[in-house]
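Since the structure comes first, as structure tokens, the remarks are kept for the end.
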There are 2 protein chains.
Amino acid sequence: MKFAKIPMATINRLSIYMRTLQDLLEEDVDVISSERLAKQCGVNPAQIRKDLAYFGEFGVRGVGYRVSDLVNQIKEILGLQRPWNLAMIGLGNLGSALIRHANFVKHGYIFTAAFDVDPQKVGKRLPNGLIINHVDELEELIKEREVHIGLITTPASEAQSIANQLVLAGINGILNFAPVQIQVPDCCHVENVDFTIKLDSIAYHLSSGL
Amino acid sequence: MKFAKIPMATINRLSIYMRTLQDLLEEDVDVISSERLAKQCGVNPAQIRKDLAYFGEFGVRGVGYRVSDLVNQIKEILGLQRPWNLAMIGLGNLGSALIRHANFVKHGYIFTAAFDVDPQKVGKRLPNGLIINHVDELEELIKEREVHIGLITTPASEAQSIANQLVLAGINGILNFAPVQIQVPDCCHVENVDFTIKLDSIAYHLSSGL
């Protein structure tokens, strides 16, 4: 599905709405008002209505949203009706912790490949059953295992070279945990995770007394 | 320092500008044009000028920004002229990986306390020299070690209870890695880190062909 000019902040909030709605489904909630949904998501109700309005009409006036319908509709918007295959590159402390994290599978993200250069790690089996391969095999295995998104958890010095290899292997989506800006062609979408940027934002709030 | 109504996106971009400027400082770059800085940060030059304009006049027309001056000015805006003390609550795979991550110290964030409930972990010494304490000691040690910000890396089921204890201990800033929305009083600022939300954004781009 293609929609013009949707703000990225809207896309990120749709993910948050979906997670809250999925929790509500587990609690057997069938219908929720935009007011209650907004409160649980930490936004205002007008924001939810505005975000959803980009994609059509949702909910029933005076009643609210049918929880399971809205989950499915947001999944369709975000492209999450199908699983996405991930490769982890870098099995240091952070990569090893992340690949064990149950949250990925819960949201339909499946690790199908894992790479490192350390001879002590290559050949070892991870708790999810995957065997760590050498980065030399990256291009071949990315294609063979139909990887869609690469996660880079290497040292900063290696991140650009790995990104280049991922792009050569046909990867168009990268989640970069290395503390460095990586450059990729326009066909590839990169998201960066830098925990310290979130800390800067907290520091700003604390020091400005907000 | 207090500024009215600065968009959070601006604050986050200031962090990114600062990191790029710090890298330039290490490469002995003295002056940079807004065009070149923008390119390195992956934004457009007008955005940098607009973001900085909230806080005053920076740079010299026709010349650019003095790198070290702008680093110091952004640090002052964000409240980063001083170190901030952190406590990690939850020393599972993710917490253990994060507390070893050099990126925190590099940006002036110092772990001064670490907590868990697992008797196998309590009393153990971490690579940074800290000893893991039991969560029962949280309030006392948060005050004693002048912790400013708490990082929650517990299971989702424990996160709210830990957040409550942090608030009771006087903490006003929380970085939450647990996959759950935590509720805190207005005096406390929470930032959430959910890697799968970034993946949703990549999935959206890949499936909509952006």
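Only the coordinates and a few stated rules stand behind these numbers; no lab work does. This one's a predicted model, so the numbers in the text were calculated from it and none came from an experiment. Because the Cβ atoms are built from the backbone with ideal geometry, glycine has one as well, and the counts that use them run over all protein chains shown.
Per-structure values
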quantity: Debye equation applied to the C-alpha atoms of the protein assembly as shown, log10 I(q)/I(0) at 0.11 Å⁻¹; calculated: -0.93
quantity: For the stretch A:84-196, alpha-carbon Rg over 2.2 N^0.38 Å; calculated: 0.96
quantity: On Cα atoms only, tilt of A:156-168 relative to the major axis of chain A in degrees; calculated: 80
quantity: Radius, Kirkwood style, for the stretch B:8-78 when every pair of distinct Cα atoms is counted (Å); calculated: 11.8
quantity: Copy-to-copy label separations for A:G170, where each label sits 7 Å from Cα toward Cβ, in nm and ascending; calculated: 5.9
quantity: Estimated dipole of chain B in Debye, rounded to 20 [Cβ of Lys and Arg +1, of Asp and Glu -1, Cα centre]; calculated: 540
quantity: Mean shadow area of the stretch B:1-139 over all directions, Cα convex hull, nm²; calculated: 10.5
quantity: R0 of 41 Å, Cβ-Cβ distance A:Q183-A:R36: FRET efficiency to nearest 0.05; calculated: 0.40
quantity: Amide H contacts of A:S33 (H built 1.01 Å from N, under 5 Å, at least 5 apart or other chain); calculated: A:Y65
quantity: Bridge type composition, the stretch A:84-196 - antiparallel percent by DSSP, nearest 5; calculated: 5
quantity: In order through the stretch B:40-48: 3J(HN,Hα) via Karplus (6.51 cos²θ - 1.76 cosθ + 1.60), integer Hz, x for Gly, Pro; calculated: 5, 8, x, 10, 9, x, 4, 5, 4
quantity: Distance between modelled label sites at A:E76 and A:E144, nm, 7 Å Cα→Cβ extension; calculated: 3.8
quantity: For the stretch A:8-78, size of Cβ-based charge dipole, Lys and Arg +1, Asp and Glu -1, in debye; calculated: 340
quantity: Distance in nm between pseudo-label sites at A:R100 and B:A9 (7 Å out along the Cβ direction from Cα); calculated: 3.8
quantity: Calculated FRET value between A:E57 and A:L25, using beta carbons and R₀ = 25 Å, to 0.05; calculated: 0.70
quantity: Label distances, nm, B:Q183 versus same residue in remaining copies, Cβ-directed 7 Å point; calculated: 4.9
quantity: Unsatisfied cross-links (Cα-Cα over 26 Å) in the set B:K75/B:K124; B:K143/B:K198; A:K39/B:K106; A:K39/B:K5; calculated: B:K75/B:K124; B:K143/B:K198; A:K39/B:K106
quantity: Phi to ³J(HN,Hα) by Karplus 6.51 cos²θ - 1.76 cosθ + 1.60 over the stretch B:175-181, Hz, x for Gly, Pro; calculated: 9, 9, 9, 6, x, 7, 7
quantity: Approximate spin-label separation B:D69-B:I110, in nm, with each point projected 7 Å along Cα-to-Cβ; calculated: 3.1
quantity: Calculated from backbone phi, Karplus (6.51, -1.76, 1.60) coupling profile of the stretch B:92-107 in Hz, x at Gly/Pro; calculated: x, 4, 5, x, 5, 5, 5, 5, 8, 6, 5, 5, 5, 4, 3, 9
quantity: 222 nm mean residue ellipticity, helices alone, for chain B (DSSP H n ≥ 4; -39,500 (n - 2.57); rounded to 500); calculated: -13000 deg cm²/dmol
quantity: Neighbour count of at most 13 Cβ within 10 Å plus DSSP loop: longest GluC sites (Glu not before Pro)-free window in chain B; calculated: B:58-145
